[in-house]
Amino acid sequence: MIKIIGVGKIKEKALQSCIDEYKKRITAFSKIEIVEVSDESIPANHSEKQDMIIKEAEGDKILSKIKDKDFVILLDLAGKSYSSEEIADKLGKIMTYESSQIAFVIGGSLGLSQKVIQRANMRWKLSDCTFPHQLCRLILCEQIYRAFTIMNHLPYHK
């Protein structure tokens, strides 16, 4: 079972349509669930203290969606970079030896709380670039689908 926990909603219909397409493709290999938690409003002239409070609030919402048996993978700029083949290998090993329940976490615009970071089993840096969380969700879905095609020796990933 794959679970993607993301802060905020997808507002663009075209983006949601693409996410839905990859979600449908992934179901050939695994159950998948996308869980949206509401983002906190950020004041115009916010302070570091306000940022911390917002990250904690969003973090608590994220943690409420994670089960004890979930293997948690954070999408994180401070994480490790993997090629598509490497992430396919990692996911295969996680599902075989660690847990059949994988929860990917995409934080809000201010990042992740320390509690969420501490709960993570793995931190994955999708790119050196920073993406909005909506686009990140699409890229993640595509990479999960690509990983399953690699694991199953299907031609999509080439």
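The values are calculated or read from the model by the stated rules, or taken from the named source; none is laboratory data. From a predicted model like this one, the values you see are computed outputs, not experimental measurements. FYI the Cβ positions are ideal-geometry reconstructions off the backbone, even for glycines, and counts take in every protein chain you see.
Residues in region 96-154 that are more than 15 Å from the chain's Cα centre (by Cα), over 17 Å from residue 31 (Cα atoms) and among the β-branched types (Val, Ile, Thr): 150 alone.
Residue 80 falls short of the stated requirement of being farther than 25 Å from residue 10 by Cβ and modelled with pLDDT under 95.
Looking only at residues of region 1-48 that are small (Gly, Ala, Ser) and surrounded by 17 or more Cβ atoms within 10 Å (Cβ to Cβ), we find that the one that is modelled with the highest pLDDT is 6.
Scoring residue 98 on the criteria (1) out of contact with any helix residue (DSSP H, G or I) (no Cβ under 7 Å at 6 or more places or on another chain); (2) in contact (Cβ under 8 Å) with a residue 40 or more places away in the chain leaves a single failure, condition (2).
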